[in-house]
Amino acid sequence: MSDLGRELSTAVVAFHEAVGAHLGVTAVDQRALALVGRHGPMTAGDLAKRINLTPGAVTGVVDRLERAGLARRDPDPADRRRVLVKAVGGALGPLFAGLNEAMGEVTARYSPEQQQLIADWATRTTEVLRDQARKLTESRDQARG
């Protein structure tokens, strides 16, 4: 089973690298976009904290996402001195259309009960991956001092 997990992980990374190469963005840029898309508009400082980058590095991330038409900077209505990073809705749709269609065909092969079991496995696997990433980040930060 661990070989399957590695194969899945490798395939996901390869897909996102292909998306990134097509758009001219990096994996970190895509991760930032996913966060903004999931949690809504946020300041560059908030985004920097969530992806563990400096605010200066996030400026480059947002610049690349803007150039690719995936995000934009909007004035913060609560504080006009700040801007909010916002995902552009539907911008990735054309790139993910084929994947969504193919995954729909895969999903249709399974009964609703099997789909629930697969969803449980995927949810738990995602939690494990996030926890392990957090532990690695904390360990790295502790080693740095």
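The values are calculated or read from the model by the stated rules, or taken from the named source; none is laboratory data. Not measured: the values here are computed from a predicted model. All Cβ positions, even for glycine, are placed from backbone atoms using ideal geometry, and neighbour counts span all protein chains on display. These area figures cover heavy atoms from the full protein model, side chains too; ligands, DNA and RNA do not enter into them. Shrake-Rupley method; radii C 1.70, N 1.55, O 1.52, S 1.80 Å.
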Listed residues 21, 37, 143: farthest to the positive end of the dipole of the chain (Cβ charges):
143
About the Cα centre of the range 85-136, how large is the charge dipole given +1 on each Lys and Arg Cβ and -1 on each Asp and Glu Cβ? Please answer in debye to the nearest 20.
340 debye
Average Cα contact separation per residue, the chain, under 8 Å, 6 or more apart, as relative contact order %
17 percent
Total charge dipole magnitude, the range 51-105, about the Cα centre, Cβ charges on Lys, Arg, Asp, Glu only, Debye to nearest 20
380 debye
For residue 2, what accessible area in Å² do you get when you roll a 1.4 Å probe over the heavy atoms of the protein chains, rounding to the nearest 10?
80 Å²
Estimated 222 nm signal from helices in the chain, with DSSP H stretches of n ≥ 4 weighted -39500 (n - 2.57), rounded to 500:
-24500 deg cm²/dmol
Pick out which of 71, 102, 122 has the largest mean-square fluctuation in a Gaussian network model of the chain, springs linking Cα atoms closer than 10 Å.
122
Please work out whether the range 67-145 counts as rounded, prolate or oblate from its C-alpha gyration tensor, where a ≥ b ≥ c are the square roots of the eigenvalues and a/c under 1.5 means rounded, while otherwise a/b larger than b/c means prolate and anything else oblate?
oblate
If you roll a 1.4 Å probe over the chain with all protein chains in place, what percent of the accessible area is carbon or sulfur?
57 percent
Roughly how much of residue 86 is accessible, in Å² to the nearest 10, using a 1.4 Å probe?
70 Å²
Please check: in the Gaussian network model of the chain (C-alpha springs, under 10 Å), which one of 17, 66, 113 has the largest mean-square fluctuation.
113
Mean separation of Cα pairs under 8 Å and 6+ residues apart, divided by the residue count of the range 1-87: what relative contact order is that in percent?
28 percent
I'd like the distance between the alpha-carbon centres of the range 88-128 and the range 34-57, rounded to an integer number of Å.
25 Å
GNM result for the chain, Cα springs below 10 Å: residue of 99, 23, 33 fluctuating most strongly
99
Nearest-20 debye value, the range 24-145 charge dipole, Cβ charges on Lys, Arg, Asp, Glu:
520 debye
Determine, at each q value in 0.09, 0.11, 0.18 (inverse angstroms), the log₁₀ of I(q)/I(0) that the Debye formula gives when each Cα of the chain is one equal point scatterer.
-0.37, -0.55, -1.23
Can you give the accessible area of residue 128, probe radius 1.4 Å, in Å² rounded to 10?
90 Å²
Mind checking the angle between helix 93-108 and the chain's longest principal axis? C-alpha axes, 0 to 90 degrees, to the nearest 10.
30 degrees
